[in-house]
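The values are calculated or read from the model by the stated rules, or taken from the named source; none is laboratory data. Fair warning: this is a prediction, and the values are worked out from it, not measured in the lab. Every residue, glycine among them, receives a Cβ derived from its backbone with ideal geometry; neighbour counts consider all protein chains shown.
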Amino acid sequence: MTRGRATTRPWDPAAFRARFARAYADPSILTDEIIRLYLEPPLSAPERRAQLDRYWLAGNCEQTVSVERKLRQLMVPTLIVWALDDIFFGIEWAYWLQKTIPGAVAVTEVPGAKLFFPEDRPDALLQPLQAFLRQYSTSK
């Protein structure tokens, strides 16, 4: 052990890659360096690992259900960009958001994209976002 830092990683990049690959259309983006950037901060100290455990164990749908009332009051222009191949959140949720948010102006469907598509296909988000911002920017 070196001073202040373990010589071995408290995480296994291959295990992380295997678990998260299904959330990426192109899992090759999950290099060891990217995985290190994700995992090193929350796993760097016992108290941070405990915080991460508490976060995951506390997760339930109450937080998302409780925000519905606020979403129904959101009058600002809102763009919804959705990954069509996402195995975690089906496209029906994009259209639920569109119906729920009064300011929703569009749903952009991204074929072949999965949950973390802004990482492996950033243009799929940037193109509709830039068009949206040009159209709804207040600094015209």
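Quick grid of which residues meet (1) without any contact (Cβ under 8 Å) to a residue 60 or more places away in the chain; (2) over 23 Å from Asp12 (Cα atoms):
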site	(1), (2)
Ile35	yes, no
Arg48	yes, no
Arg72	yes, yes
Leu84	yes, yes
Thr100	yes, yes
Thr108	yes, yes
Phe116	no, no
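Give the residues of region 118-138 that are of a type in the set (Ser, Thr, Tyr) and free of Cβ contacts under 8 Å to residues at least 12 places away in the same chain, sorted by residue number. Don't jump to the end; show me each part of the working.
The initial filter retains those residues of region 118-138 that are of a type in the set (Ser, Thr, Tyr), namely 136-138.
The answer is Ser137, Thr138.
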If I filter region 26-58 down to residues being under 24 Å from Pro122 (Cα atoms) and of a type in the set (A, V, I, L, M), which single residue comes out as surrounded by the fewest Cβ atoms within 10 Å (Cβ to Cβ)?
Leu37
Going through region 50-70 one residue at a time, which ones are within 19 Å of Lys99 (Cα to Cα) and either in contact with a helix residue (DSSP H, G or I) (Cβ under 8 Å, 6 or more places away or on another chain) or in contact (Cβ under 8 Å) with a residue 12 or more places away in the chain (or both)?
Glu68
Quick one: would you say Val105 is surrounded by 14 or more Cβ atoms within 10 Å (Cβ to Cβ), hydrophobic (A, V, I, L, M, F, W, C) and closer than 24 Å to Ile29 by Cα?
no
Does region 80-100 include one or more residues that are surrounded by 10 or more Cβ atoms within 10 Å (Cβ to Cβ), closer than 30 Å to Leu133 by Cα and of a type in the set (S, T, N, Q)?
yes
Which numbered condition Glu40 misses (of (1) outside the structural domain of Pro122 (by TED's automatic domain parsing); (2) touching a helix residue (DSSP H, G or I) at 6+ places or on another chain (Cβ under 8 Å)):
(2)
